[in-house]
Amino acid sequence: MFLLLWVNQMIWTSFVIPGAATWLIQLLFVDFLSIGTIRPDFLVILVLYWSVKYGRTVGIVSGFLIGLLIDLSGTASFFGLSPLIYSISGYIGGYLSGQYSRLNPIYFTVSWITILAFQFLIFCTIQYQDIWLLNPQIFWGKWFGTTLYTVSFTGIFQVVFPLHKLS
């Protein structure tokens, strides 16, 4: 009985509370941080952290659930895109779980930056497909701006909660 209560408490403190808090921050405060149409994505940072800490399975499931929450909250324009890209980010991020001691720190950092860049490439390809046809320079500017903005926030979070110390 005690073990069941302890596991239930762990789920609330490890997943539900941080996930709900990050979702509320993303929903309510990201417009204040936006530069034009470029916004940081705090939820993908959370999925990346969880996938590095807990592994691939938790990354996929949390990415799918958070993506579904984003789609159901009305902030996404293409239904199903968010669960897809967050699940992909969680899956690929799960490969970094426990790899900091095996990889060079520079490769580890480049790996999570590449994961975020790939996630935003998929997102921008679907979201801004009309811009891609009209003006590819604007498309690549939006992709680079969104990636750089989120990577910058991830770098700031690295100072407080380094990814390599999670596992």
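Structure notes:
- Candidates are the residues of region 70-90 that are of a type outside the set (Val, Ile, Thr), within 14 Å of GLN26 (Cβ to Cβ) and at pLDDT below 80; the one that is surrounded by the most Cβ atoms within 10 Å (Cβ to Cβ) is ALA76.
- Here is the figure for region 29-48: residues that are in a helix (DSSP H, G or I) and either in contact with a helix residue (DSSP H, G or I) (Cβ under 6 Å, 6 or more places away or on another chain) or not charged (D, E, K, R) (or both) total 11.
- Qualifying residues in region 13-28 (those that are at pLDDT below 85 and exposed (fewer than 11 other Cβ atoms within 10 Å of the Cβ)) - the one farthest from the chain's Cα centre (by Cα): THR13
- Checking the stated criteria, SER51 turns out to be part of a helix (DSSP H, G or I) and either under 18 Å from GLY145 (Cβ atoms) or in contact with a Ser or Thr (Cβ under 8 Å, 6 or more places away or on another chain) (or both).
- Screening the candidates PHE144, PHE123 for the property of being assigned to a helix (DSSP H, G or I) and closer than 23 Å to TRP50 by Cβ yields one hit, PHE123.
- Checking the stated criteria, GLY55 turns out to be buried (at least 17 other Cβ atoms within 10 Å of the Cβ) and at positive phi.
- Taking the criterion of being of a type in the set (Ser, Thr, Tyr) and either under 14 Å from LEU24 (Cα atoms) or in contact with a Cys (Cβ under 8 Å, 6 or more places away or on another chain) (or both), no residue of region 37-69 qualifies.
- Only one of the listed residues (SER82, SER97, SER89, SER77) is more than 24 Å from THR57 (Cβ to Cβ) and small (Gly, Ala, Ser). That residue is SER77.
- The conditions of being assigned to a helix (DSSP H, G or I), touching a residue at least 40 places away in the same chain (Cβ under 8 Å) and either more than 12 Å from the chain's Cα centre (by Cα) or within 28 Å of ILE17 (Cα to Cα) (or both) are met by PHE157.
- Filter result (closer than 18 Å to THR125 by Cβ and part of a helix (DSSP H, G or I)) within region 64-90: GLY67, ILE70, ASP71, LEU81, SER82, PRO83, LEU84, ILE85, TYR86, SER87, ILE88, SER89
- Filter pass, ILE113 being assigned to a helix (DSSP H, G or I), β-branched (Val, Ile, Thr) and surrounded by fewer than 20 Cβ atoms within 10 Å (Cβ to Cβ): yes
- When residues of region 93-110 are limited to those that are in a helix (DSSP H, G or I) and out of contact with any Ser or Thr (no Cβ under 8 Å at 6 or more places or on another chain), the one surrounded by the fewest Cβ atoms within 10 Å (Cβ to Cβ): ILE106
The values are calculated or read from the model by the stated rules, or taken from the named source; none is laboratory data. Being a predicted model, the structure only gives us computed values, none of them experimental. Backbone-built Cβ (ideal geometry, glycine too); neighbour counts: all protein chains shown.
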